[in-house]
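The values are calculated or read from the model by the stated rules, or taken from the named source; none is laboratory data. Because the structure is predicted, anything quoted here is derived from the model rather than measured. Methodologically, a virtual Cβ is constructed for each residue, glycine included, from the backbone with ideal geometry; neighbour enumeration extends over all protein chains shown.
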Amino acid sequence: MKKLLSTIFLSLVVSLFTTSLKADGHDFTIFNNSGMLQFDGGGSDPEVLAKVAAHVKKLSGVTPKVIVPNMQDTTEQLNLLLAGSNPPDLFQANWDVYKSTLMPLNDLLAKHGDALLRSIPETSWKYMTDSDGNIMGIPRTAATSPFMTWVRQDILDQAGLDVPKTVEELTAYMAAAQKINPDFKAGTRAWSGNKWEEPAMGFAAAFTGAMSGNAAFIDPSDGRVKPVPLADGIKDYLHFMNDWHNKGYWYPDNWSKFDESEVFRTCNMAMWSGWYSRVTIIVPKVVSNCPGMEYVRAPIMGPKGWMATTRASGTQAYVINKKAKNPEAIMQYLNWIWNDQSIDGYATGVNGIEGEHWSYETKGMPAVVNTKDKAETKYVGDFGLPNFPYEGNMQPNDSLWATHFNYLGSGLTKLDDSHQPIDLYMAWDKGRIADETPTLGDIHRMIAENFTAFYTGERSIDEYDDFLAELDDAGMQDWINAMTAQMQESWAN
């Protein structure tokens, strides 16, 4: 943090000689593509929205104007808005992709961002700084461990087992579960992202000691950065996945797509190692159908280390358009929204007017709030800007959500029982990688299709070297060259 504050202070000193701050309180526009309004059910009532806007101005001292996403593809809408005559001043994006559109935030943070700086983990800022020391965005999220393994305490109790700690114990747990009920299965997801990463993020590092969607390891033979298909032990990982397939442990639709809520509602998911919120959000809503069902977090150690891999926060950020006329007002608003002493700003942006739309059950950091259904309040959160892990400070007084919000502030950010990838704090320029690897989409598709085939036995793992040759033919060396160049440049800086 001292290094970060020093960078900001030096930037401010320089800026004071070249710029003057405009008066606070000017209007600015927010394209709220944060996901807050993704399921808004038609938007806020205009009269209610006007009342909330006046309340926001009263409390924050500034007047934001919100552009509500109205296209299914919010990235496409953002690009259209940025190309227009009145582009938004504040929006969410990968800063490395939109860098030419953005202004550095060093001086703004120094002048108006004291509470914000204290409320966001120091490690998250590492992804926000370019090679020249410019802070290009406010981190949208933090490094997390979302692919942790979960097992069921009720099954453990019936089988007389402790929570598994090793791959062997986890396999024994699944064998015991199926003796109790042959319908008990293990679940993960293979359709998100690049369609191969999530299962690998949940399991591969136990066998490879290396995992990342980009640079998994540095090859000691040539010093180059390599992806996980080339990692030592990758065949052991594939054999593990295939062995579980042959034993009938996997839920059959793991490798295609399924309705997660409906699957958990069957009460037959004995183990889950996919996105964490399926346990923290879905399970509390369906557990009444499954008496005794209780999931417990189970960090697993394999021959090469922890099984789950930490997920880097990446370059997703709230960013300010370099054309913004009142950036000081924007930063003042963000400092109010993500204050380290009180959730007043965040709760107002998300829920509306205190005393009318929501109230405190208990104050503090975190605080517990009583909220009303948005269909009743007719305010859907237009001024709200989610930010993890800050959002965990506003906990709803609702038993169905208690598990989720408690986990946000504890288990999700616990990183000492998951594999730490070598690029955990690497702010990859993914646009540049894609430019330098024209066939990158094909490479990811091939990894996804062939890993799935190896899992299910549709392709023999004996053919793995042939698969690597196919990846080389598809341009894998371009991918390696692109990643190696960027990482070496980061070391030089």
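Any idea which residue in the range 264-291 is nearest to the chain's Cα centre (by Cα), counting only those that are more than 17 Å from L400 (Cβ to Cβ) and at pLDDT 95 or above?
Among them, the one singled out is S273.
One residue is enough: does the range 402-417 have a residue meeting the conditions among the aliphatic types (A, V, I, L, M), more than 30 Å from K363 (Cβ to Cβ) and surrounded by fewer than 18 Cβ atoms within 10 Å (Cβ to Cβ)?
No, that holds for no residue.
Filter the range 59-87 for residues that are aliphatic (A, V, I, L, M) and over 26 Å from the mean Cα position of the chain (by Cα); which is surrounded by the most Cβ atoms within 10 Å (Cβ to Cβ)?
Result: V62.
For the range 351-368, how many residues are of a type in the set (V, I, T) and either at pLDDT below 95 or farther than 16 Å from H55 by Cβ (or both)?
The total comes to 2.
Name the single residue that is nearest to the chain's Cα centre (by Cα) among those in the range 310-347 being among the aromatic types (F, W, Y) and closer than 19 Å to M128 by Cβ.
Top of the filtered list is Y318.
Can you list the helices (runs of 4 or more DSSP H) found entirely within the range 154-219 that contain at least 1 residues being more than 19 Å from W275 (Cβ to Cβ)?
The qualifying helices (runs of 4 or more DSSP H) are 167-180, 205-208.
Could you list, in sequence order, the residues of the range 114-138 that are under 15 Å from A317 (Cα atoms) and in a loop (DSSP other than H, G, I, E, B)?
Of everything in the range 114-138, those that are under 15 Å from A317 (Cα atoms) and in a loop (DSSP other than H, G, I, E, B) turn out to be I120, P121, M128, D130, N134, M136, G137.
Would you pick out the residues in the range 88-124 that are surrounded by fewer than 19 Cβ atoms within 10 Å (Cβ to Cβ) and either within 20 Å of the chain's Cα centre (by Cα) or not basic (K, R) (or both)?
Within the range 88-124, V97, S100, T101, M103, D114, A115, P121, E122, T123 meet the criteria.
Restricting attention to helices (runs of 4 or more DSSP H) lying wholly within the range 1-113, give those where 2 or more residues are modelled with pLDDT under 90 and under 22 Å from A329 (Cα atoms).
2-16
Return the residue satisfying two criteria in turn: it lies in the range 405-457 and is of a type in the set (D, E, K, R) and part of a loop (DSSP other than H, G, I, E, B), and of such residues it is modelled with the lowest pLDDT.
Residue satisfying both the conditions and the ranking: D429.
What are the residues in the range 364-385 that are part of a loop (DSSP other than H, G, I, E, B) and in contact with a strand residue (DSSP E or B) (Cβ under 9 Å, 6 or more places away or on another chain), if any?
Answer for the range 364-385, where residues must be part of a loop (DSSP other than H, G, I, E, B) and in contact with a strand residue (DSSP E or B) (Cβ under 9 Å, 6 or more places away or on another chain): P366, K372, D382, F383, L385.
Checking the conditions here, which among A492, A453 is small (G, A, S), over 19 Å from W244 (Cβ atoms) and over 25 Å from the mean Cα position of the chain (by Cα)?
Unique residue meeting the criteria: A492.
So how many residues does the range 296-327 have that are outside any loop (DSSP other than H, G, I, E, B), out of contact with any His (no Cβ under 7 Å at 6 or more places or on another chain) and surrounded by 22 or more Cβ atoms within 10 Å (Cβ to Cβ)?
Qualifying residue count, the range 296-327: 8.
List the number of the failed condition for D219; all other conditions in (1) surrounded by fewer than 23 Cβ atoms within 10 Å (Cβ to Cβ); (2) closer than 20 Å to G305 by Cβ; (3) in contact (Cβ under 8 Å) with a residue 60 or more places away in the chain; (4) touching a Lys or Arg at 6+ places or on another chain (Cβ under 9 Å) hold.
(3)
Could you tell me whether the range 92-104 includes any residue that is touching a residue at least 40 places away in the same chain (Cβ under 8 Å) and over 26 Å from L37 (Cβ atoms)?
Among the residues of the range 92-104, at least one is touching a residue at least 40 places away in the same chain (Cβ under 8 Å) and over 26 Å from L37 (Cβ atoms), which makes the answer yes.
How about the range 382-401: which of its residues are surrounded by fewer than 17 Cβ atoms within 10 Å (Cβ to Cβ) and among the acidic types (D, E)?
D398, the sole residue that qualifies.
Sort out which residues of the range 110-160 are of a type in the set (A, V, I, L, M), more than 20 Å from S212 (Cβ to Cβ) and in contact with a strand residue (DSSP E or B) (Cβ under 9 Å, 6 or more places away or on another chain), and write them in order of number.
If the condition is that a residue be of a type in the set (A, V, I, L, M), more than 20 Å from S212 (Cβ to Cβ) and in contact with a strand residue (DSSP E or B) (Cβ under 9 Å, 6 or more places away or on another chain), then L116, I120, I135, M136, I138, V151, I155, L156 are the ones that fit.
If you check every pair at least six apart or on different chains, which have Cβ atoms under 6 Å apart with a residue in the range 398-425 that is farther than 14 Å from R297 by Cβ first and a residue that is of a type in the set (F, W, Y) and crowded, with 20+ Cβ neighbours inside 10 Å second?
Cβ pairs passing all conditions: H419/W306.
The rows are residues; the columns are (1) of a type outside the set (S, T, N, Q); (2) assigned by TED's automatic domain parsing to the domain that holds L90; (3) closer than 25 Å to A142 by Cα.
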residue	(1), (2), (3)
Q332	no, yes, yes
W336	yes, yes, yes
G364	yes, yes, yes
K372	yes, yes, no
G392	yes, yes, yes
P396	yes, yes, yes
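What number of residues in the range 157-174 are among the aliphatic types (A, V, I, L, M), touching a residue at least 60 places away in the same chain (Cβ under 8 Å) and out of contact with any Leu (no Cβ under 7 Å at 6 or more places or on another chain)?
Qualifying residue count for the region: 3.
Return the pairs, sorted by first residue and then second, in which the second residue is charged (D, E, K, R), the first residue lies in the range 471-493 and is more than 20 Å from M426 (Cα to Cα), the beta carbons are less than 8 Å apart, and the residues are 6+ apart or on different chains.
Note: pairs meeting the criteria are A474/D442; G475/D442.
Which of (1) within 19 Å of the chain's Cα centre (by Cα); (2) over 21 Å from A482 (Cα atoms); (3) acidic (D, E) is the odd one out, the single condition E197 does not satisfy?
(2)
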